[in-house]
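See structure below.
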Amino acid sequence: MRTPIVAGNWKMHKTVAQAVELTRSLRRALVDVSGVEVVLCPPFTALAATREAIGPAKIGLGSQDMHFEEQGAFTGEVSPSMVAELCQFVILGHSERRQYFGETDAGDNKKARAARAHNLTPIICVGENLDQNRAGETAAWVGGQVRSAFEGISPEDASRVVIAYEPIWAIGTGLAAEPAEVNQIIGVSIRGTLSDIFGETVAQSIRVQYGGSVKPDNVAAFAIQPEIDGALVGGASLKSDRFVELVKAFTP
Ligand code: PEP
């Protein structure tokens, strides 16, 4: 059995004070919730304060990116050990990073390996754009992204990776993908590819989230799909009551 995991990607939102307020509110609301892992991913500037606000609560912390090098002249970047000082998770290869900051599959694979070397759990984002979707290229594209992401990663480390299947056309658009189609893509293209690489046992152990306009009014349909192990949430993670509803939907 895979423990569902729901992560909030706050993107470039929340000052330190706002991050602390949201975290405190989530902590109170989630105190009795169990059986689902919750992860908050604030901007770098709010990581330390969010960690403090989480305190002893069972809520994970993740950064939204990191560099793969250990240190050096990389102005503006943050290293794996810096992230690991504060976080247990790191989002890698989000489509906004790929689209606006030139991230590539090869670079994200280096980041994934660096993350595992620092005992961080990478949440690796994959997903097709609208043209690829319309052209029927989703399965091949997503399978290829998964292959690149796991290059050089051991089966033991692979089990500790989380994948977020996020069709680019569904992110922030209000147009979520069809839950049954997502279930099929994860089962065939993502878990099928993982099974080719690592075998069925490891493939079955890797958690795969769905991301793309998940909201309180559509979350139940995703949560009942057997291949969907949680959600990566943007917009609806910025308000405590909405995010709590999403977390609760994935409780067993
Ligand atoms: C995301 O940015 O990963 C995301 C899924 O955003 P939203 O929930 O706003 O579509």
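The values are calculated or read from the model by the stated rules, or taken from the named source; none is laboratory data. Just so we're clear, the structure is a prediction, and the values are computed from it rather than from any experiment. Note that we place each Cβ from the backbone using ideal geometry, even for glycine, and neighbour counts take in every protein chain shown. For accessibility, only protein heavy atoms count, side chains too; no ligands or nucleic acids. Shrake-Rupley method; radii C 1.70, N 1.55, O 1.52, S 1.80 Å.
Tell me yes or no: at least one residue of the range 241-248 is away from the ligand (no atom under 12 Å from the Cβ), of a type in the set (A, V, I, L, M), open to solvent by less than 10 Å² (accessible area, probe 1.4 Å) and farther than 22 Å from Arg27 by Cα. The answer is no; no qualifying residue exists.
The rows are residues; the columns are (1) touching a Gly at 6+ places or on another chain (Cβ under 8 Å); (2) surrounded by fewer than 16 Cβ atoms within 10 Å (Cβ to Cβ).
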site: Asp196; (1), (2): no, yes
site: Val202; (1), (2): no, no
site: Ile206; (1), (2): no, no
site: Gly211; (1), (2): yes, no
site: Ile224; (1), (2): no, yes
site: Gly234; (1), (2): yes, no
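Within the range 108-132, if we keep just the residues that are crowded, with 22+ Cβ neighbours inside 10 Å and acidic (Asp, Glu), the residue that is farthest from Ile185 (Cα to Cα) turns out to be Asp108.
Looking only at the range 217-230, residues that are in contact with a helix residue (DSSP H, G or I) (Cβ under 6 Å, 6 or more places away or on another chain) and within 12 Å of the ligand (Cβ to nearest atom) come to 2 in all. Does any residue of the range 30-38 turn out to be in contact (Cβ under 8 Å) with a residue 60 or more places away in the chain, open to solvent by 70 Å² or more (accessible area, probe 1.4 Å) and closer than 28 Å to Gln225 by Cβ? Yes, the range 30-38 has at least one match.
Residues in the range 93-103 that are touching a residue at least 40 places away in the same chain (Cβ under 8 Å) and under 26 Å from Asp157 (Cβ atoms): Gly93, His94, Ser95, Glu96. Considering (1) in contact with a Leu (Cβ under 9 Å, 6 or more places away or on another chain); (2) open to solvent by 50 Å² or more (accessible area, probe 1.4 Å), the lone condition that Cys41 does not fulfil carries the number (2). Residues of the range 11-29 that are out of contact with any Lys or Arg (no Cβ under 8 Å at 6 or more places or on another chain) and either buried (at least 23 other Cβ atoms within 10 Å of the Cβ) or of a type in the set (Ser, Thr, Tyr) (or both): Thr15, Thr23, Ser25, Leu26. In the condition set (1) open to solvent by 30 Å² or more (accessible area, probe 1.4 Å); (2) within 16 Å of Val36 (Cβ to Cβ); (3) of a type in the set (A, V, I, L, M, F, W, C), Val219 is compliant with all but (1).
Residue pairs whose Cβ atoms lie under 7 Å apart, sitting 6 or more positions apart in sequence or on different chains, and linking a residue in the range 232-252 that is polar (S, T, N, Q) to a partner that is within 12 Å of the ligand (Cβ to nearest atom) and part of a helix (DSSP H, G or I), are Ser237/Phe243.
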